[in-house]
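J.: Pasting a structure here, questions to come.
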Amino acid sequence: MTGPPPCFSIAKRAANVFDQLIARAEQESVPRAELVGNLRRALAAQKEWRERRRLVDRGSLLGATLNHVRTHVPFYRSALREHRGKDAEQMWQALPLIDKTTVVGDFHRFLSEQTLSSEIFERETSGTLGTKARLRYDLPAWFDCGPYAYESLCSSAFSLRRAIRSGEAAIVNIMNYPTRADTTYILPNLGLAFSRTRQLARGETRDFALVEELRETQPALIASKPSCFLRLAELDAQLSGRRIRPKAIMSSAECLHPDQRLTIEQAFACPIYNTYASTEGGVIARECDHHRGLHLSSMFVQLHVIPDGRDDVPSAAVLGEEGALKEEGSGELVLTNLVNWATPLLKYRTGDWATLRRAKCPCGYEGISIFDLRGKEAQSFSVRGMELSPSAVSQAIAAFPIKAHQVIAAGDELRLRFEPKHASGNEQALKMDIHAALRERFPDVPFVVEATEWLPAPEHKVVRYHVLPQP
Ligand SMILES: [Zn+2]
């Protein structure tokens, strides 16, 4: 027999990987203890996520979730009080539709009294009524919308998968919460590659430092929202030297408009994969290499649609209240999140509009995909009985030196906020010219025009955040 026994070489390899990880960890901005804690958490999350996936494999996820919620979640306990002894399908039929107002107004009753997970996270939603809900997430939910979402994207984006290597900062998630600390996770499901979070909008010096860091490390995947990508592209273009060149970009949180997609892809010279993700549902759907709709990517999340009457798709199963929910069609999306048992949200009206359709994709996916995701903001504004589309407003002001603008419906008038392309000190004149152009194009619509130095991303999607393409 030649060479060491197999078990010895496996142990030696594991020790080598661990040594490498620790050496790499020294270069991270987070303390080593935190990094080790994060690895432990990721491993526990993977284990719990796999246990919940076994329910999917056995076809018993819906029944198990309903049993959990009617025992441990006050809102569902009272909603299902009359339905003891019924099977999962009957209980599902009996569930009421809920929406953000229901949850924000009464969020304590949506929290599970018993946590089956070894750890719980809290995350705040944007409150529509001034109240914010602190939703809780268990480890399987955290794993599903983080590490598993990355793994799922890699499974169909092959060039990306090849570029993700153990012990390297392969994924960077960029957010714009300046006060949050940077952190690093080791992903057990992606060959122990690192995933970092970094914050933008910490002031010019630190933002440029982030650009330098990204150029230095050249992560395989950058995940963020469109408004952050546009800001990052702008900063990157201002510095000389090698540009940020990821293998792929994962976009979420805001609607990705076609002009933004083009600008971002050109700026970073890589494909962009749009996702449909939310605080309530995690990463629900994503594009594949063929960009034919957003395929449902979480095996735990169900989407249905409340048809808006313009439905041209022959619908499959009819479910729920008086046949209101359908598996295919166009209308408002309704979410059922079966992975997060800490704040279970079932039959949750998202307020997002799209078309759900079963379609074969060359990537092999044959299930339901989301097409024509409009979000709330693509619906036209209704002012004094008149309908006005956001893109018509964009066209009317396209010739002005504007970097970005928002249109907000405020009672009987529309408020247009814009960020000038150059700080000329002549905003007053620009404001008046824009106002005149809008009045000429839409004589009956009352507009208020405001200049601002920096347009924040919208907290909720009723605001159209539009960045005009570079001339
Ligand atoms: Zn596909």
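What follows draws every value from the coordinates through simple rules; no lab data is involved. All values derive from a computational prediction rather than experimental measurement. Positions of Cβ are generated from backbone atoms using ideal geometry, with glycine treated the same way; all protein chains shown enter the neighbour counts.
J.: So how far apart, in nm, are the two label points at GLU82 and ARG206 if each is 7 Å from Cα heading toward Cβ?
T.: A separation of 5.4 nm, rounded to one decimal place.
J.: Return the loop-located GluC sites (Glu not before Pro) in the stretch 56-125 (DSSP other than H, G, I, E, B) with at most 12 other Cβ atoms within 10 Å of their own Cβ; answer none if there are none.
T.: Listed in order of number, the matching sites are GLU113.
J.: Something else: Find which of ILE164, LEU95, HIS108 sits farthest along the positive direction of the dipole of the stretch 95-189, computed with +1 on the beta-carbon of Lys and Arg, -1 on that of Asp and Glu, about the Cα centre.
T.: So the residue furthest toward the plus end is ILE164.
J.: In addition: Apply 1/(1 + (r/R0)^6) to the Cβ-Cβ distance of ASP412 and ARG32, taking R0 = 60 Å, and write down the FRET efficiency to the nearest 0.05.
T.: Step by step, r from the Cβ atoms, then E = 0.55.
J.: I need the calculated FRET efficiency for the pair MET432 and ALA15, taking r as the beta carbon distance and R₀ as 60 Å, to the nearest 0.05.
T.: It comes to 0.30.
J.: Which of SER424, SER159 comes first, and how do the rest follow, when ranked by fewest Cβ neighbours within 10 Å?
T.: SER424, SER159
J.: Let me ask you something else. I need LYS225, LYS326 ordered by Cβ neighbour count within 10 Å, fewest first.
T.: Placing the least packed residue first, the sequence is LYS225, LYS326.
J.: Describe numerically, in nm with one decimal, the distance between label points set 7 Å from Cα along Cα→Cβ at LYS403 and at LYS47.
T.: For the pair LYS403/LYS47, the computed spacing is 4.9 nm.
J.: Report, by chain and number, residues whose modeled amide H sits under 5 Å from the one on ARG202, excluding near sequence neighbours (fewer than 5 apart, same chain).
T.: Amide H neighbours of ARG202: ASP207.
J.: Still on this model: When ranked by the protection proxy of mean other Cβ atoms within 10 Å per residue, highest first, what sequence do the peptides 148-155, 43-50, 396-403 form?
T.: Sorting 148-155, 43-50, 396-403 by mean packing, highest first, produces 148-155, 43-50, 396-403.
J.: Arrange TRP353, TRP454 by Cβ neighbour counts within 10 Å, fewest through most, would you? Let's see the in-between values first.
T.: Details: TRP353 20, TRP454 9.
Neighbour counts put them in this order, fewest first: TRP454, TRP353.
J.: Can I ask one more? Can you figure out the FRET efficiency of ALA181 with ARG245, using R₀ = 45 Å and their beta-carbon distance, to the nearest 0.05? All intermediate terms of the calculation are to be shown ahead of the outcome.
T.: Details: r = 27 Å, r/R0 = 0.60.
It comes out at approximately 0.95.
J.: How far apart, in nanometres, would the label points at ALA392 and ALA423 be if each is projected 7 angstrom from Cα along the Cα-to-Cβ direction?
T.: It is 3.6 nm.
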